[in-house]
Amino acid sequence: MTNTPRITIAIDGFSSCGKSTMAKELARRIGYIYIDSGAMYRAVTLYCLDNNLIIDNTVQRDALAQAMENIKIGFVTNPTTGKQETYLNGVCVEKEIRTMRVSQCVSLVSQIDFVRTALVAQQRAMGEAKGIVMDGRDIGTAVFPDAEMKIFVTASARVRAERRAAEMEDADIDAIERNIAMRDETDMTREISPLRKADDAIELDNSHMTIAEQDAWLKARYNEVIERLNP
Ligand code: DC
């Protein structure tokens, strides 16, 4: 299989539906780069919080526009864990970008046109050489509209809430479900690059699948694309 074509794989979908788990595993199996585009929006949000660019739930647009060129985001594989970690201006921020402090403000930042323009440009540069799996909300629609393989992942809000709750102690599943439904609404109704399934994306509802089943499903779709391109 020396001439297997290297392609671009876009995995979009709702929050907390296991996109990154399946995207990472596919990238590992086929030797591709994996990029978590949500981590990039989270890193910009952390920068804003640490530099007082969010005041009373409002992003200071002009100040952020000026700061954008000083915000350098990268991904580095941790040699001990083998896991990829997000860096902001040379500092590992992998843990901090997953905190509630960041989660609560990230949708304010990811709605901003010039933030999206800058991050989409970086994402395209990362994918220039192909051989990439990227997950997010607008990868198949805006970042890589020509991707050879596009997947759109869904799962019911209840199932996603149950999965989140299983990772926490004393979780209030109803409250989590309401929060998930609210974020779905924000993602789908925002003006710029709202979450939507690309016309040529394959939909996966993984509500009733195990991780092993969804990994196998994704690998099978990849095999089909490669077979089609390289019969
Ligand atoms: O996937 P996540 O929850 O880590 O994403 C964080 C936020 O960034 C979420 O509010 C949606 C937004 N996002 C986006 O607007 N576009 C992307 N390509 C990825 C994430």
Hydrophobic long helices for the chain, i.e. whole DSSP H runs reaching 18 angstrom or more by Cα along the axis with Kyte-Doolittle mean at least 0.0, come out as 37-50, 113-126
For segment 172-219, the charge dipole (Cβ of Lys, Arg +1; Cβ of Asp, Glu -1; about the Cα centre) points to a positive end, and the Cα of THR210, ILE176, THR189 closest to that extreme belongs to THR189
Per residue, the convex hull enclosing the alpha carbons of segment 137-187 has a volume in Å³ of 86
Checked segment 106-192 with the C-alpha gyration tensor, a ≥ b ≥ c its square-rooted eigenvalues, rounded below a/c of 1.5, otherwise prolate if a/b is larger than b/c and oblate if not; verdict prolate
Heads up, segment 55-120 by the C-alpha gyration tensor (a ≥ b ≥ c square roots of eigenvalues; a/c under 1.5 rounded, else a/b over b/c prolate, else oblate) looks prolate
Row for segment 1-151, column shape: gyration tensor on C-alpha, a ≥ b ≥ c, rounded if a/c < 1.5 i.e. under 1.5, prolate if a/b over b/c, else oblate; value prolate
Output for segment 165-207: GluC sites (Glu not before Pro) sitting in coil per DSSP, at most 16 other Cβ within 10 Å, listed by number, reads GLU167, GLU169, GLU191
The answer for trypsin sites (Lys or Arg not before Pro) in segment 1-47 that fall in a DSSP coil and have at most 16 neighbouring Cβ atoms within 10 Å is ARG6
Averaged per residue, the 1.4 Å probe accessible area of the chain, protein heavy atoms only, in Å², is roughly 53
Straight-line reach check, LYS197, cutoff 22 Å on alpha carbons, 8 or more apart in-chain or any other chain, hits among lysines -> LYS19, LYS24, LYS130, LYS150, LYS219
Of every hundred units of 1.4 Å-probe accessible area on the chain, the number belonging to carbon and sulfur atoms, as a percent, is 50
Here segment 138-144 yields Karplus 3J(HN,Hα) values (6.51, -1.76, 1.60; θ = phi - 60°; whole Hz; Gly and Pro given as x) of 10, 5, x, 9, 10, 7, 10
Here, trypsin sites (Lys or Arg not before Pro) of segment 90-170 satisfying both criteria (DSSP loop; at most 16 other Cβ within 10 Å) are LYS95, LYS130
Placing +1 on each Lys and Arg Cβ and -1 on each Asp and Glu Cβ in the chain, then taking the dipole about the Cα centre, the residue among THR141, ASN3, TYR41 whose Cα reaches farthest towards the positive end is ASN3
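The values are calculated or read from the model by the stated rules, or taken from the named source; none is laboratory data. Model, not experiment: these values are computed from the prediction. A quick note on method: Cβ atoms are made from the backbone with ideal geometry, for glycine too, and the neighbour counts reach across all protein chains shown. Areas reflect the complete protein model, heavy atoms only, side chains present, ligands, DNA and RNA absent. Shrake-Rupley method; radii C 1.70, N 1.55, O 1.52, S 1.80 Å.
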